Amino acid sequence: MEPGVSNNVHFAHSLLKQETTRGRVVRMRVSTSTRCYLPMLAYKTFRNPNARAWVVFIHGAGGSSAVWFKQLRDFRVHFNLLLLDLRGHGRSSGYHGNGEPYTLRAIGQDVLDVLDAEGIGNAHFVGVSLGTILIREMVDMVPDRVSSVIYAGAVAGFTLPAKALITAGQALRRLIPFRTLYATFAWIIMPGAK
């Protein structure tokens, strides 16, 4: 692992445990107050010893933290960086929450759990597509923890057909794999994808 980079699998042994469940690696955070194990999103930090501010990068639907690789070199010079993979994406593909529904508030809490685990009080947020919606939710949830935002490919709202697709996706998610749903919906709504 390169200097200045940590991965949550290698986070302090007293706070993180890695287990294998049904052949899948599950990352677990130990709650210091109750000593119970809580699942958590996969993430990676890039620490700059000369920086105090943090920038959190949140990818879009169907993506992963890998989409930010071109931004890392420039941002690392000035900031500490946190890249995370949302539920069902990237290295968090096996994590689907702690039994709570897949809502923006629940996913926002996932991000807050990572911030808390890393001791990050507030941060600048950069998001693309779904990441922009999630950041807007976090601004509503905990405005004091969001220093500033950058939205790329922001989604300002949902039309009636988009809301219908979201509802259909929620109903079908237990029957059809996520990637299949995503590809189908992307084919329906993306210009030029047909």
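Odds and ends about this structure:
- Rounded if a/c under 1.5, otherwise prolate or oblate - segment 64-164, Cα gyration tensor axes: rounded
- In this structure, the amide hydrogen of V146, modeled 1.01 Å from its nitrogen in the peptide plane, lies closer than 5 angstrom to those of A123, counting only residues at least 5 positions away or on a different chain.
- Karplus-derived 3J(HN,Hα), 6.51/-1.76/1.60, for each residue of segment 70-77, Hz, glycine and proline x: 6, 7, 4, 4, 6, 5, 4, 5
- Among residues other than A61 with Cβ under 13 Å from its Cβ, the summed charge is +2 (Lys and Arg +1, Asp and Glu -1).
- Taking a ≥ b ≥ c as the square roots of the eigenvalues of the alpha-carbon gyration tensor, segment 109-157 is classed prolate because a/c is 1.5 or more and a/b outweighs b/c.
- Segment 52-194, relative contact order [Cα under 8 Å, separation at least 6], %: 22
- The 3J(HN,Hα) values that the Karplus relation (6.51, -1.76, 1.60; θ = phi - 60°) gives for segment 50-65 are, in residue order, 9, 10, 10, 7, 10, 10, 10, 9, 10, 6, x, 4, x, x, 7, 5 Hz. Gly and Pro appear as x.
Every number in this text was worked out from the coordinates using simple rules, so none of it is lab data. In this text, all values refer to a predicted model and were calculated from it rather than measured experimentally. Cβ: placed from backbone, ideal geometry, glycine included. Neighbour counts: every protein chain shown.
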